[in-house]
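The values are calculated or read from the model by the stated rules, or taken from the named source; none is laboratory data. Just so we're clear, the structure is a prediction, and the values are computed from it rather than from any experiment. Virtual Cβ from ideal backbone geometry, glycine too; neighbours counted across all protein chains shown. Each accessible area value is taken on the protein alone, full model and side chains, heavy atoms only, with ligands, DNA and RNA left out. Shrake-Rupley method; radii C 1.70, N 1.55, O 1.52, S 1.80 Å.
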Amino acid sequence: MTFKMSFALRVTLLLCAIFIIIAALAFSQLQRVEQTQVEDELSKVLQVNLHGHSSYYSFEGEGDQVLDDFASFWPGTLHGAARSAGKTGKGLDFSVHQDAHMGVDICCKIGKPLSTTRWREVTFENGGISIAMWLKPLALEDKQIYPLYGGWYGDVQSNKLRVVDKRVELLIYSSSGYQPKSVVKSNTRLVNGQWTHVAVVHNGKQARLFINGELDAAQDANISVSSIVNDVFLGGIPKQHATQGKHAFAGVIDDFFMSELILTDKEVNALFNKDKLAAQQLGEN
């Protein structure tokens with residue numbers, strides 16, 4: 001018995017086949033569009049890095065989201081910290097909660113396709129780093145350790161700024177990211193209830209620390225700053241991560257500046273004297 005398809009059935013099957021082909025092509029095109037969008041986001045990250053990454057947080061907004069005033073890729077999210085009176089305008093008070101911190105998501109959320117990757121990173125092409133901020137400690141204890149900026153104590157890290165016995169100290173990690181080295185520590189001790197401008201500049205060979213625009217300590221340190229590939233935190237370290245000493249800084253932070261650019265003494269002094277305007281001008285250079 002021979003089976004013969006009617007003309008209508010053959011047309012129907014042909015149309016189904018055409019529909020399947022069109023659907024497959026459309027799905028493939030959609031995947032290409034999504035991949036292009038992801039690549040565009042990655043190119044923005046690379047562009048920021050190629051032009052010298054710098055971040056500046058004035059904390060002048062509202063809510064839990066903290067925008068980077070330089071409009072880079074690194075907004076922050078508040079956890080437990082509260083906006084309060086800063087040195088100029090608003091600052092962040094980390095003394096209000098024992099787990100207070102601001103998290104900056106470096107790894108790994110650009111979008112779902114990159115949720116398990118480490119493509120986002122902050123590079124330091126010059127091998128050095130500059131960090132500056134206003135600090136107003138409220139309840140620092142002698143011989144205690146408080147986090148200011150950086151990652152947690154574990155996994156691959158880059159650099160860390162902290163307070164040890166009321167003195168500000170910069171740690172730089174080896175290329176493996178596991179072994180930190182103290183490259184400079186302030187001679188001046190922070191005073192509870194008093195605003196102090198702190199800036200640290202490390203060029204890969206020497207680290208210098210400034211208090212209120214004046215050089216306070218310097219130390220030779222032949223170690224380059226590695227890329228930041230893990231999340232970093234300002235003012236504290238989340239409870240789920242290992243730390244040394246306290247999990248949160250016992251005070252207020254304002255006008256936080258971080259850059260791979262190596263600031264000159266004149267630029268550090270400008271940050272101290274002109275605050276937000278000086279930081280914004282540095283970001284435009």
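Look at A270 and say whether it is modelled with pLDDT under 95 and more than 25 Å from P75 (Cβ to Cβ). Yes. Residues in the stretch 218-246 that are open to solvent by less than 30 Å² (accessible area, probe 1.4 Å) and farther than 22 Å from Q179 by Cβ: L234, G235, G236, P238. Only a single item in (1) modelled with pLDDT of 85 or more; (2) open to solvent by less than 10 Å² (accessible area, probe 1.4 Å); (3) part of a helix (DSSP H, G or I) is not met by F257, and it is number (3).
Taking the stretch 78-107 as the range and being open to solvent by 40 Å² or more (accessible area, probe 1.4 Å), under 16 Å from the mean Cα position of the chain (by Cα) and closer than 20 Å to G251 by Cα as the test, only H79 passes.
Only one of these is modelled with pLDDT of 90 or more and not hydroxyl-bearing (S, T, Y): K87, K109. Name it. Full working, then the answer.
Values: K109 fails: modelled with pLDDT of 90 or more.
Just a single option satisfies the conditions, and that option is K87.
Does the stretch 127-157 hold any residues that are assigned to a loop (DSSP other than H, G, I, E, B) and hydroxyl-bearing (S, T, Y), and which are they? Step through it out loud before you land on a result.
Taking the stretch 127-157 as the starting set, the residues that turn out to be assigned to a loop (DSSP other than H, G, I, E, B) are 127-128, 138-144, 151-157.
Result: Y153, single match.
Yes or no, residue by residue, for (1) in contact (Cβ under 8 Å) with a residue 24 or more places away in the chain; (2) in contact with a helix residue (DSSP H, G or I) (Cβ under 9 Å, 6 or more places away or on another chain); (3) not charged (D, E, K, R):
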| site | (1), (2), (3) |
| --- | --- |
| S175 | yes, no, yes |
| Q179 | no, no, yes |
| N187 | yes, no, yes |
| T196 | yes, no, yes |
| D216 | yes, no, no |
| D220 | no, no, no |
| A248 | yes, no, yes |
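Check whether at least one residue in the stretch 31-52 is open to solvent by 50 Å² or more (accessible area, probe 1.4 Å) and modelled with pLDDT of 85 or more, and report yes or no. Scanning the stretch 31-52, I find no residue that is open to solvent by 50 Å² or more (accessible area, probe 1.4 Å) and modelled with pLDDT of 85 or more, so the answer is no. Take the residues in the stretch 174-198 that are modelled with pLDDT under 95 and open to solvent by less than 10 Å² (accessible area, probe 1.4 Å); name whichever of them is farthest from the chain's Cα centre (by Cα). Among residues in the stretch 174-198 that are modelled with pLDDT under 95 and open to solvent by less than 10 Å² (accessible area, probe 1.4 Å), the one farthest from the chain's Cα centre (by Cα) is V183. The set of residues in the stretch 173-207 that are touching an Asp or Glu at 6+ places or on another chain (Cβ under 9 Å), closer than 18 Å to F124 by Cα and in a loop (DSSP other than H, G, I, E, B) comprises G177, Y178, K205.
Among the residues of the stretch 208-219, those that are out of contact with any Lys or Arg (no Cβ under 7 Å at 6 or more places or on another chain) and part of a strand (DSSP E or B) comprise R208, L209, F210, I211, E214, D216, Q219.
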